[in-house]
1. Return a yes/no flag: does the range 16-37 have any residue that is within 30 Å of His121 (Cα to Cα) and within 16 Å of the ligand (Cβ to nearest atom).
2. Given the residues Arg367, Arg448, Arg362, which is the only one that is in a helix (DSSP H, G or I), of a type outside the set (S, T, N, Q), open to solvent by 20 Å² or more (accessible area, probe 1.4 Å) and farther than 25 Å from His59 by Cα?
3. Those residues that are free of Cβ contacts under 8 Å to residues at least 60 places away in the same chain, open to solvent by 70 Å² or more (accessible area, probe 1.4 Å), within 16 Å of the ligand (Cβ to nearest atom) and farther than 21 Å from Val161 by Cα, I need them from the range 223-242; list them, please.
4. Give the residue that is farthest from Cys253 (Cα to Cα), with candidates limited to residues of the range 198-207 that are near the ligand (Cβ under 9 Å from one of its atoms) and crowded, with 18+ Cβ neighbours inside 10 Å.
5. When you look at Val305, is it in contact with a strand residue (DSSP E or B) (Cβ under 6 Å, 6 or more places away or on another chain), in a helix (DSSP H, G or I) and within 16 Å of the ligand (Cβ to nearest atom), yes or no?
6. Only strands (runs of 3 or more DSSP E) wholly contained in the range 62-161 count here; list those with 1 or more residues that are closer than 30 Å to Pro231 by Cβ.
7. Limited to the range 379-415, what total is found for residues that are in contact (Cβ under 8 Å) with a residue 12 or more places away in the chain and not in a loop (DSSP other than H, G, I, E, B)?
8. Test Ala310 against the stated conditions and say whether it is among the small types (Gly, Ala, Ser), out of contact with any Leu (no Cβ under 7 Å at 6 or more places or on another chain) and farther than 28 Å from Ile156 by Cβ.
Amino acid sequence: MAEYDYDLFVIGAGSGGVRAARIAASHGAKVAVAEEHRIGGTCVIRGCVPKKLLVYGSHFAEELQDASHYGWTVEGMSFDWPTLRDTVLRDVDRLEAAYTSTLDNHDVEHFHERATIAGPHSVKLASGREISAEYILIATGAWPALPQFDGVEHCITSNEVFHLAELPRRVVIQGAGYIAMEFAGIFNALGSHVTVVNRSDVILRGYDEALRDRLLQITMGRGIEYKFHCPITKVEKQEDGSFLVHPGKLDPCPADVVLIATGRSPNTSGLGLESAGIATGPAGEIPVDEYSKTACESIYAVGDVTDRMALTPVAIREGHAFADTVFGEGSRKVDYDCVPSAVFSQPPIAAVGLTEGQARNRYGNIRIYSSDFRPMKNLFAQRHERGLYKLVVDAGTDRILGIHMIGPESPEILQGAAIAVRAGLTKADFDATVALHPSMAEELVLMR
Ligand code: NDP
């Protein structure tokens, strides 16, 4: 008789949980997963994937506008939000089915209900059933954090934004981080009037300042309005169903949708962590060691619930490393150095490594190279928007410490360049690489 019902019980079937379950099963473990929402988690169901599809969908506005310069006449051009929304949601269904098949193909049992921790080796399902497992992995992710103000119940978050009945004419977005800047770009491109309201005057905190300034300048040029130093204090519902948003002491502004994007909190509330002696950190996160082990020997946690680096590919690596460590042939840690990231704003931002400020603090003597250019496609279409690429170089060793880019396709370009940064290549290596002409990417090897 086995001592436990399962070798591994995973709570949460998002990116990290599904990867961990699949890899543990492929190492021979008997695995089950519980998911209270939909299989796939935030990234697949209400995050990266549907967001990126909306970015693609909204980008046609610019392409169609530019088409006339290339001789195309597009007659009767119009946009239908329900068509885009429903096609995106169907793709989400397809991906959910693909994730479910992955679990089935690896004989991972799945329970579609909430599970909580009932002890170091025990979980309790919402149905009341208790299940034992030698190891438990918590991969419950994070949930939008809502500030408190009168009328917050009238606002939506990134959970609901994919399901809007119609395209809002006026959108007010609170926050100026990833989600705010990405949806500001989407709604602006689709023709909504967008107002971004933030508590500080910083957008995309943590990204290189020159890039942030460029994004601000370009998006203001595209018609996005910013109200800084004035978080929302009240939202009032009007008789016609629209809203009146009060940003700090400024005049109220009307809106059809108010989107709150003020960060996400780890999903640990009511999870029963105390039954296994696990205390959460200040943000509600689960503290873990470098192998993702919690304070309890048999319980691990990966992904956003640990509040380390809230990015899907990182959660996937953490889940994979956990499964290899516990069920495979050796211990594996995740290396958090040189993790590339992108903001799918319009234009997008992409970055890897240290910003100029971080590099200066850490290395002192650094060199900065930059290219401020007007992409050929913008020039041709008489768009004045400029791209900006920046290399941060350690003056002592000539090593590239960071690459920061804003401009069309910058995330696509950066992924390859991130390999060079991670490999420790030097500015001389970049200089020695022949440009690929004509491209925007060639700017990376032409900075002198
Ligand atoms: P972010 O942490 O990116 O930004 C939060 C924003 O809300 C900031 O502008 C911040 O202002 C403001 N804010 C924070 N707390 C409050 C508060 N209590 N009241 C008013 N304003 C507040 O959060 P997002 O919600 O945009 O995204 C959540 C996470 O999701 C990201 O951190 C990221 O990890 C992930 N994500 C990643 C994406 C990607 O990789 N492309 C895309 C979307 C999400 P200030 O800066 O002034 O403090």
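1. Among the residues of the range 16-37, at least one is within 30 Å of His121 (Cα to Cα) and within 16 Å of the ligand (Cβ to nearest atom), which makes the answer yes.
2. It is Arg362.
3. Of everything in the range 223-242, just one residue is free of Cβ contacts under 8 Å to residues at least 60 places away in the same chain, open to solvent by 70 Å² or more (accessible area, probe 1.4 Å), within 16 Å of the ligand (Cβ to nearest atom) and farther than 21 Å from Val161 by Cα, namely His229.
4. Leu204
5. yes
6. 142-144
7. Summing the residues that are in contact (Cβ under 8 Å) with a residue 12 or more places away in the chain and not in a loop (DSSP other than H, G, I, E, B) in the range 379-415 gives 22.
8. No, not satisfied.
The values are calculated or read from the model by the stated rules, or taken from the named source; none is laboratory data. Computed from a prediction, not measured in an experiment: that's the story for all the values here. Every residue, glycine among them, receives a Cβ derived from its backbone with ideal geometry; neighbour counts consider all protein chains shown. Accessible surface is based on the protein model in full, side chains and every heavy atom, while ligands, DNA and RNA are left aside. Shrake-Rupley method; radii C 1.70, N 1.55, O 1.52, S 1.80 Å.
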